[in-house]
Every structure is written in C-alpha cells, then in structure tokens.
Amino acid sequence: MAGARRRLFFALWPDEAVRARLAALQAELPQVAGRWVHPEDLHITLQFLGPVEPGRQACIAEAARAVRGEPFELEIDRLDFWPRPRIAWAGPEGVPPALQRLVEQLARNLERCGFEPEKRPYRPHVTLLRKTTPAAAVRLPEPIRWPVDHFVLVESRPGGDPPHYRPLEGWALED
Ligand code: 2AM
C-alpha cells in the first residue's frame, strides 16, 4: 500500500525563550481582527514541500543531511503586514548571508528529489496573525535575538485544534 501523503516543510524552530518573546509580540499587536497562529506553531519556513508520498521522505532527509551550514543569529526587528496572504508577520529587516546560503543549499539539494526551487526572493518571516486587516510596518524597539543552530522538517496537520505543526526531525548547523 502506498501510504498517506504528509504535508511537509523545512523551518527554523524557535527555542522556548524566543517562542515566548514572539508570543508576547502577538499579545501586543495592534490588529485585533484575524486568526492567531498558536504560539507552539510559530516558526520561519525555509522551504515549503507540500504533500509528500512516503517514498520520497528518504530523499528529503538526505537533502537535509547534505547541507553544510553554520550557526547564525537572526535579529527579529520588523513587524509588517502583507495584503495578499493577509498576514501580520515578524522578521529580520534583511536576510543574513548564512540563512540565504542555507535556503539555497536546501533548495538545490531538494531539486534531486523533484522539488522545484521557489522563484520568488526568500523573505524570512514568522506569521503571527492570519486573515487580518491592513497595518503599517513598525520597527521593534527591542529586537528579538534568535540564535539559530539547527533546522527542522515539520509536518503540517491542518484542521482540528492547534497546534497544527509538528517537527519530525532536525539537523545541526555546524561550523
Ligand atoms: P506562511 O506562514 O507565510 O503562511 C506551513 O504551511 C508553512 O509553509 C507556513 O509558514 C506557510 O507560510 C508556508 N507555506 C504554506 N503554503 C506555502 C506555499 N504554497 N509556498 C510557500 N510557503 C508556503
């Protein structure tokens, strides 16, 4: 039997301290309308894979294992809104070079498993609120420092009660 497909994506997963600060930011958001992302679901997507057949998962794990990365720090200093997905998000003003290299390596390695690389420029962000109303961007007075030393493969299980995302496996970023 083929088995069920799982909806997967690669992500940066915050530690408890960073998660608490991101959740505190949700509480301070000026937008009131919308659907909050559950604090345990807060993350930064590296690459979205979509529904994946069980037979492709070994290739995906190998693509992650082959990444040669390095630890880096993210400075979450911007709160912004995108009108088309209608989300409020927090993220870094720019993309740290080590993060850009990580995303590019992962995309290149995943091509061997049949995943098309994303054509749009990579915009790291933590979605805080969905289906929300327009709001102006603000710079956070106290940026959130997020030390990144690993990345994870996450399963998305929409429907039912949150949390919807579950990390399945992680890989260290080593010097
Ligand atoms: P979002 O937070 O900006 O909505 C799991 O669904 C994660 O993958 C979310 O972080 C979501 O981004 C992202 N995602 C969902 N569908 C996507 C798609 N088609 N392309 C790229 N990223 C997607």
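The values are calculated or read from the model by the stated rules, or taken from the named source; none is laboratory data. None of the values given here were measured: they were computed from a predicted structure. We place every Cβ from the backbone using ideal geometry, glycine too, and count neighbours over all the protein chains shown.
Number of residues in segment 132-156 that are part of a loop (DSSP other than H, G, I, E, B) and over 15 Å from the mean Cα position of the chain (by Cα): the value is 6.
Cβ-Cβ contacts under 7 Å between residues 6 or more apart (or on different chains), taken from a first residue in segment 12-40 that is farther than 16 Å from Pro167 by Cβ to a second residue that is part of a helix (DSSP H, G or I), are listed as Ala23/Pro39; Trp36/Gln26. Of the residues making up segment 25-62, those that are among the aliphatic types (A, V, I, L, M) and within 14 Å of Ala11 (Cα to Cα) are Leu42, Ile44, Leu46, Leu49, Ile60, Ala61. Residues in segment 68-96 that are within 13 Å of Arg123 (Cα to Cα) and assigned to a loop (DSSP other than H, G, I, E, B): Pro92, Glu93, Gly94, Val95, Pro96. The residue that is surrounded by the most Cβ atoms within 10 Å (Cβ to Cβ), counting only those in segment 1-24 that are among the aliphatic types (A, V, I, L, M) and within 15 Å of the ligand (Cβ to nearest atom), is Ala11. For segment 52-84, a residue qualifies if it is closer than 23 Å to Lys131 by Cα and either surrounded by 13 or more Cβ atoms within 10 Å (Cβ to Cβ) or at pLDDT 95 or above (or both), and the qualifying residues are Ile76, Asp77, Arg78, Leu79, Asp80, Phe81, Trp82.
Within segment 43-59, the set of residues being near the ligand (Cβ under 9 Å from one of its atoms) and not aliphatic (A, V, I, L, M) comprises His43, Thr45, Gln47, Phe48, Gly50. Summed over segment 105-120, residues that are surrounded by fewer than 16 Cβ atoms within 10 Å (Cβ to Cβ) and either in contact with a His (Cβ under 6 Å, 6 or more places away or on another chain) or part of a helix (DSSP H, G or I) (or both) total 2. Going by the conditions given, is Leu102 under 20 Å from Arg56 (Cβ atoms), in contact (Cβ under 8 Å) with a residue 60 or more places away in the chain and not in a loop (DSSP other than H, G, I, E, B)? No: the conditions fail for Leu102.
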